[in-house]
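Notes to accompany the following structure.
The values are calculated or read from the model by the stated rules, or taken from the named source; none is laboratory data. For clarity, every value in this text was computed on a predicted model and none was experimentally measured. Here the Cβ positions follow ideal geometry from the backbone for every residue, glycine too, while neighbour counts run over all protein chains shown. The accessibility values were calculated without ligands, DNA or RNA, using every heavy atom of the protein model including side chains. Shrake-Rupley method; radii C 1.70, N 1.55, O 1.52, S 1.80 Å.
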Amino acid sequence: MNAQTARMFLAIVEHGSISAAARALYITQPALSAHLGRLEEELGVQLMRRQKGIHQITLTPEGAAFVPIAQEWASAEDHFLQYKDTVSRKTLRLLAGTSAHDVIVAPIISKLLRNDPQLAVQQSIQELYAHSVISQHIHRFDIAFSFFHPTDSPLVDCIPLFQQEYYILCPADSPLPDRVLSLKDLDPAFQVMQKFAVGNLRRWYQSNFSEAPEDSYAQTTTILSTPTYFRDPRCWGICSANNAMFLIAQQPDTLSFRRIETAPSPSLCSLLISKSYARADVVETLLRCCREYLQERPYLTPLLK
């Protein structure tokens, strides 16, 4: 048996018949039946019941038990091919959250590609907030940017990149005083809040304001869409320093920021490096680009040594 045979078996299970699976796989029905027959002969059991005049197949108990084994076999080949591609070609598979992509990843990857034009980068979006998520997605990335900092993980090396404070983002014509703000300066009725805010942001709001986060003036899907909700000059939103400066750079005439005395605890951005897949030469170049990124942003506290 090989991974191709396992995929053929799974295709029959998925499509419910040999003829439908054959069409999906672009092979003939007799060829697929022959593959299934050889698999059953090799295992010494019948995996599927096939009856004349009935197109739908049914799994035998042995066939049902074999499904997860075939899935593992096909998945193992995926991992092998991904590893082979990583070590044979200079391909960087990069994972990052939605908000981090434009603000952090894009400028660093631009630097990386200028340093190494032969490198190919494959990017995907997936928030990494827990060890279980890392375990689930580890085969999909070489490098990941995360605001979750795993300790002593057997799967990744974790390098702290920077720490950042939180600012109050507001319209350029905001009536908020141009100084370090206190909580009494902020009217919770005009807060623009991230719809899916978690962790220290949500705890900060709940501990300092009597209203629930859902009662805020507006709910923005991502921090990068926050300015579109500033319809009233009294609006404000809590925002990490990196995001705030990125947004203000995009709209310097319409946005401003204020510092606040009682801010949420600083957030930490880490670089997760796969111990199985990441190439040492690519990692070294990437770390150099990260250091350049941090040097250009004095509002961040660099942690990268």
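Each residue of the stretch 107-123 was assigned a 3J(HN,Hα) from its phi angle through the Karplus curve 6.51 cos²θ - 1.76 cosθ + 1.60 (θ = phi - 60°); the sequence is x, 5, 5, 4, 5, 4, 5, 5, 6, 9, x, 7, 7, 9, 10, 10, 10 Hz, with glycine and proline shown as x. Label positions at R23 and L268, each projected 7 Å from the Cα along the C-beta direction, are separated by 5.5 nm. Taking 0.36 nm per residue of sequence separation and removing the Cα-Cα distance, the S75/Q56 pair yields an extension gain of 4.2 nm.
Could you work out the local net charge near F66, counting Lys and Arg as +1, Asp and Glu as -1, over the other residues with Cβ closer than 11 Å to its Cβ?
Numbers: positive: none; negative: E40, E62, E72.
Charge balance in the 11 Å sphere: -3.
At the residue level, C290 shows approximately 0 square angstrom of accessible surface with a 1.4 angstrom probe and all protein chains present.
Near the amide H of R93, within less than 5 Å, lie the amide hydrogens of Q122, D142, I143, all on another chain or at least 5 residues away, with H placed in the peptide plane.
Sorted by accessible area (1.4 Å probe), largest first, how do S33, S256 line up?
I get S33, S256, largest accessible area first.
Using heavy atoms of the protein chains and a probe of 1.4 Å, the accessible area assigned to L10 is about 40 Å².
Taking every protein chain into account, the 1.4 Å probe leaves E296 with about 100 Å² of accessible area, to the nearest ten.
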